[in-house]
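As structure tokens, the structure follows; a few thoughts come after it.
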Amino acid sequence: MSSLPKVTLSGGLEICRVLNGMWQVSGAHGAVDKVRAVEAMQEYVDAGFTTFDMADIYGPAEEIFGQFNSQLKSRSSGSLSPALQGLTKYVPRPGLMERKVVEKALQRSMTRMQVDTLDCVQFHWWDYGDKRYLEALGHLSDLQQEGVIRELALTNFDTQRLEEITSKGIRISSNQVQYSVIDQRPAARMEQFCVANNIKLLTYGTLAGGLLSERYLRKVEPISRVELYTASLSKYKNMINTWGGWSLFQDLLGTLETVAKRRNSSIASVAMRYVLDRPAVGGVIVGCRLGVAGAGQHISDSLRSCSSDLQLTAEDLSAIEAVTQRSRDLMAIIGDCGDEYRN
């Protein structure tokens with residue numbers, strides 16, 4: 001098995017620095033064959049990618065993980081098998097946040113994932129004006145103390161709310177946010193707070209749904225639904241439009257290609273390494289289109305991004321910055337991390 005760098009969260013859970021993202025099985029990225037999705041997970045585990053990121057709202061993601069985890073254990077009975085790390089999310093609808101409501105939601109995830117405890121629960125809340133997120137987090141913190149949860153984390157919370165939550169004595173292991181060479185909002189405020197408080201950033205959108213790759217270099221701007229055929233492509237194409245547009249994006253891809261060639265790597269590997277090297281970043285989440293016909297695997301790019309001989313030099317970073325500094329200020333336009341889901 002390949003040696004993949006790991007990081008340890010504040011509660012002691014060790015995870016891979018490249019996580020397998022399972023939003024892609026939610027149904028918005030193509031029809032999913034659940035049997036094939038379970039089978040496809042083995043290739044990632046064989047390559048050392050044992051950490052899977054999912055959510056209670058990602059369609060059958062938790063069930064797919066549970067089926068694979070169960071099969072892996074049964075096949076490896078009596079022999080050493082790689083332990084999986086299952087990071088899920090709790091995304092409640094607005095409403096009462098009594099303990100029994102929170103407990104029921106976690107029990108549902110445990111049943112689907114076929115586990116007795118949850119490695120990590122990443123909590124998301126839609127409306128900061130509804131302060132019941134503090135009640136929910138209080139219950140989650142209690143359940144962590146009782147051993148139901150190993151790590152208590154957040155998804156798409158901004159720096160102000162992160163400071164508020166931790167000031168209440170609630171220990172947060174990580175915050176999952178969008179972070180890429182395009183969207184560098186975490187560097188404005190959040191990184192500094194996370195470094196000071198031993199909170200890791202787990203980043204998504206790091207490859208902009210696949211747009212940060214050779215496939216889109218020197219290509220005509222995709223604008224139709226046929227071209228932007230997944231939820232990820234559509235989402236991150238909109239981000240590129242806000243950031244600076246297709247022409248500037250082509251300049252960025254060209255610069256990343258130059259860096260990649262110097263480093264015997266791909267654009268995707270360089271884009272991932274750029275974020276992996278940022279302060280507070282514990283890991284990047286790379287979407288896996290498990291069970292989708294024709295979907296390519298990107299294991300080699302992910303492995304290369306973590307390679308010890310892929311080092312981005314000051315010259316590389318300066319070249320990239322020369323492009324990104326010509327972009328619009330996303331903090332001014334969108335706001336802090338996660339504000340795109342609330343504005």
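The values are calculated or read from the model by the stated rules, or taken from the named source; none is laboratory data. What you see is a predicted model; the values in this text were computed from it and never measured. With ideal geometry, Cβ positions are generated from the backbone for all residues, glycine too; neighbour counts draw on all protein chains shown. Please note that ligands, DNA and RNA were not included when accessible areas were found on the heavy atoms of the full protein model with its side chains. Shrake-Rupley method; radii C 1.70, N 1.55, O 1.52, S 1.80 Å.
Here the relative contact order of segment 82-192, from alpha carbon pairs under 8 Å that lie six or more residues apart, stands at 25 percent. Charge dipole (Cα centre; +1 on Lys/Arg Cβ, -1 on Asp/Glu Cβ; no other charges) of the chain amounts to roughly 340 debye.
What FRET efficiency would be calculated for the residue pair Val101, Lys235, taking the C-beta separation as r and a Förster radius of 30 Å, to the nearest 0.05? If you can, show how the numbers build up before the last one.
Values: r = 30 Å, r/R0 = 0.99.
So, using R0 = 30 Å, E works out to roughly 0.50.
With each label modelled as a point 7 angstrom along the Cα→C-beta vector, the Asp127-Arg108 pair spans 1.9 nm.
Can you give the FRET efficiency for Ser318 and Ser3, using 1/(1 + (r/R0)^6), R0 = 35 Å, r = Cβ-Cβ distance, to the nearest 0.05? It comes out at approximately 0.70.
Rolling a 1.4 Å probe across the protein heavy atoms gives the chain an accessible surface of 42 Å² per residue. Of the GluC sites (Glu not before Pro) found in segment 106-199, the ones in coil according to DSSP and having at most 11 other Cβ atoms within 10 Å of their Cβ are Glu146.
Strictly over 25 Å apart at the Cα level, which of Lys89/Lys200; Lys6/Lys73; Lys219/Lys261; Lys104/Lys235; Lys100/Lys168; Lys73/Lys100 would you flag in this model? Each step should come with its number before you reach the end.
On the way: Lys89/Lys200 16 Å; Lys6/Lys73 22 Å; Lys219/Lys261 19 Å; Lys104/Lys235 32 Å; Lys100/Lys168 21 Å; Lys73/Lys100 31 Å.
Cα-Cα > 25 Å for Lys104/Lys235; Lys73/Lys100; rest within.
When a 1.4 Å probe is rolled over the protein heavy atoms, the share of accessible surface on the chain that falls to carbon and sulfur comes to 48 percent.
Comparing Thr206, Thr155, Thr255 in a Gaussian network model of the chain, where Cα atoms under 10 Å apart are tied by springs, the biggest mean-square fluctuation is seen for Thr255. First check a/c for segment 283-343, with a ≥ b ≥ c the square roots of the eigenvalues of its C-alpha gyration tensor; if it is under 1.5, answer rounded, and if not, answer prolate when a/b is larger than b/c or oblate otherwise. Verdict is oblate for segment 283-343. Listed values for segment 313-330 are Karplus-derived 3J(HN,Hα) couplings in whole Hz (6.51 cos²θ - 1.76 cosθ + 1.60, θ = phi - 60°), namely 7, 4, 5, 4, 5, 5, 5, 5, 5, 4, 8, 5, 6, 8, 7, 6, 7, 5, and x replaces Gly and Pro.
Do you know the relative contact order of segment 28-91, to the nearest whole percent, from alpha carbon pairs under 8 angstrom that are 6+ apart? It would help to have the intermediate numbers written out before the result.
On the way: 51 pairs, mean separation 27.5, N = 64.
Here the relative contact order equals 43 percent.
On the beta carbon distance between Arg36 and Ser167, with R0 = 51 Å, the FRET formula returns roughly 0.65.
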